[in-house]
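The structure appears right after this line, and notes come after that.
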Amino acid sequence: MRYFKTRSVATEACKQGKVRMNDAIVKPSREVYPADKIQVRKNQINYQIDVLDLPKSRVGAKLVNLYINDITPKEELEKRELLKYSQDYYRKKGTGRPTKKDRRELDDWFDPEADED
């Protein structure tokens with residue numbers, strides 16, 4: 001239902017267990033029926049979808065909302081906003097790799113007990 005850009009990306013997500021249907025991990029070839037509940041983990045956010053109906057053929061992205069009901073909790077959508085701000089906080093996009101000093105600070109932040117040795 002167009003949560004992934006391509007079918008191959010969606011297939012890979014299914015193989016990695018990031019897609020669940022009715023609380024069960026699914027294979028890429030699993031058929032979808034109306035009233036199914038789909039959970040998709042994408043970019044650290046758990047999206048939840050109710051399937052209302054199936055289109056007779058492929059439809060454009062603007063028409064997908066006629067066939068699904070997005071029931072993702074607001075807390076999950078707020079995570080997306082927080083992730084956007086956390087990525088832009090320290091280093092602007094395209095400014096290059098972290099310096100040696102930046103790397104040490106990251107290592108200290110992830111493992112503060114390593115300093116005590």
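Coordinate-derived values only; no laboratory data. Because the structure is a prediction, the values reported are computed rather than measured. A quick note on method: Cβ atoms are made from the backbone with ideal geometry, for glycine too, and the neighbour counts reach across all protein chains shown.
Listing for the model above:
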| read-out | value |
| --- | --- |
| Under-5 Å amide H pairs with Leu52, H placed in peptide plane, nonlocal only | Ala35, Ile68, Asn69 |
| Local electrostatic count, Gln48, Cβ distance below 9 Å [Lys/Arg +1, Asp/Glu -1] | -2 |
| Candidates Glu81, Glu31, Glu105, ranked by Gaussian network fluctuation over the chain, Cα under 10 Å, top entry | Glu105 |
| Other-chain or far-sequence residues with amide H under 5 Å of Val26's (modelled H) | Val19, Met21 |
| Derived scalar couplings ³J(HN,Hα) [the stretch 62-70; Karplus, 6.51 cos²θ - 1.76 cosθ + 1.60; whole Hz; x for Gly, Pro] | 6, 8, 4, 5, 6, 10, 10, 10, 7 |
| Linear extension gain, Gln16 paired with Asp36, 0.36 nm per residue minus alpha-carbon span | 5.2 nm |
| ³J(HN,Hα), Karplus 6.51/-1.76/1.60, whole Hz, each residue of the stretch 19-35, x for Gly, Pro | 10, 10, 10, 6, 6, 10, 5, 10, 8, x, 8, 5, 7, 10, 10, x, 6 |
| 10 Å Cβ shell holding at most 14 others, DSSP loop, trypsin sites (Lys or Arg not before Pro): longest site-free stretch of the chain | 59-90 |
| 18 Å Cα-Cα threshold exceeded, pairs from Lys5/Lys42; Lys79/Lys101; Lys5/Lys62; Lys42/Lys79 | Lys79/Lys101 |
| Prolate/oblate/rounded call for the chain, Cα gyration tensor, a/c under 1.5 rounded | prolate |
| Taking Val19, Val32 and counting other C-beta atoms within 10 Å, the order from fewest to most | Val32, Val19 |
